[in-house]
Every structure is written in structure tokens, then in C-alpha cells.
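A short write-up of the structure that comes next.
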Amino acid sequence: MPIQITARREGFRRCGIAHSEKTKTYPDDFFTEKQLKELEKESQLIVVRIDDSQPAVISSGLKFEDVVAEHLKLQGEHLNLLGELRHKTAVIDALSDRLAIELDFGTSLQQELEALKVPPVPAPDDQADKQTGDPAGDDKATNSQAKTKK
């Protein structure tokens, strides 16, 4: 009866062969009985003896109880991770809501500040310069007044 072997890890070696993660079928006489027993005991390999008259027997070298225990362990880890994910999602949602509130508050403060802005009042010297048209300021105005008085 032909044998199908699948490695749990690519390139895992047993009985002088680097086994693949892709299932490979070997003819009846490829392995000795001793080698077949060794392969079937190996936990890193999944060995299936193909028999047309009976359903395939899968042997991974693990006991049923061990497989069930590992399954329950993984299921518990999955539930823990799911709980952590839900918690982190709730935290992210709360932070997102808080950020939206802060952004709204910042926007309203900015609008209030814009409304309170008063255009700058020119200095008194600037007023005189604008009236006389003298860009140099009071010094020249004072000089021209002094010249007029002479």
C-alpha cells in the first residue's frame, strides 16, 4: 500500500529524506517496515497509508489526548487574544472620540480668537507722517518747521 508523507516543517529530515510540507506519495516498497514505524512515530511528519479497501489511517506520532489538550490550549489562547483585541479596540474608540472632542474644542477656540482680533492701531507718529506725506517722520517735519521760522 502506498504511503503519503507530509512534513510539518519544510525540509524536515527523517530516514535519509528531506520531507516537504507538500504531501508526497511513495510506493509500497520504498520504506522498510522499520523505517515506516520510525516515520509514523515522528511528530513532525504526517504519515498516511493508502489502502483502497479501508479508509486511510493517519498517524502523526501523537496521542489523541495530546492532540485534544493542544487544541484546548490553542483555543484558550485564541479566546485570550480575542479578549485583548476587543479591549484594545474599545481603548482606540475612546481615544478617537476624545480626539474628536479636542479637535472641535481647538477649532472653536481658534474661531473665538479670530473674532477677538482687532486691527492694529497706528502709532501717533505714523498719523502725522501720513498727514504730511513725509515718510521720514517727525525729524524732517521739525527741521522744515525750523527752516520756516528762520
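Quick notes on this structure:
- If you plug the beta carbon distance of residue 77 and residue 35 into 1/(1 + (r/R0)^6) with R0 = 25 Å, you get a FRET efficiency near 0.10.
- For the stretch 3-59, the ratio of Cα radius of gyration to the globular rule of thumb 2.2 N^0.38 Å stands at 1.04.
- Ascending count of other beta-carbon atoms within 10 Å, so fewest first, for 29, 125: 29, 125
- Placing a pseudo-label 7 Å from each Cα along the Cα-to-Cβ vector at residue 43 and residue 117 gives an inter-label distance of 7.2 nm.
- Two-site FRET efficiency, residue 28 against residue 66, from Cβ-Cβ distance with R₀ of 25 Å, rounded to 0.05: 0.25
Bear in mind these aren't lab numbers, they're just calculated from the coordinates by the rules spelled out. Keep in mind the model is a prediction, meaning the values are calculated, not measured. Cβ atoms come from the backbone with ideal geometry, glycine included; neighbour counts cover every protein chain shown.
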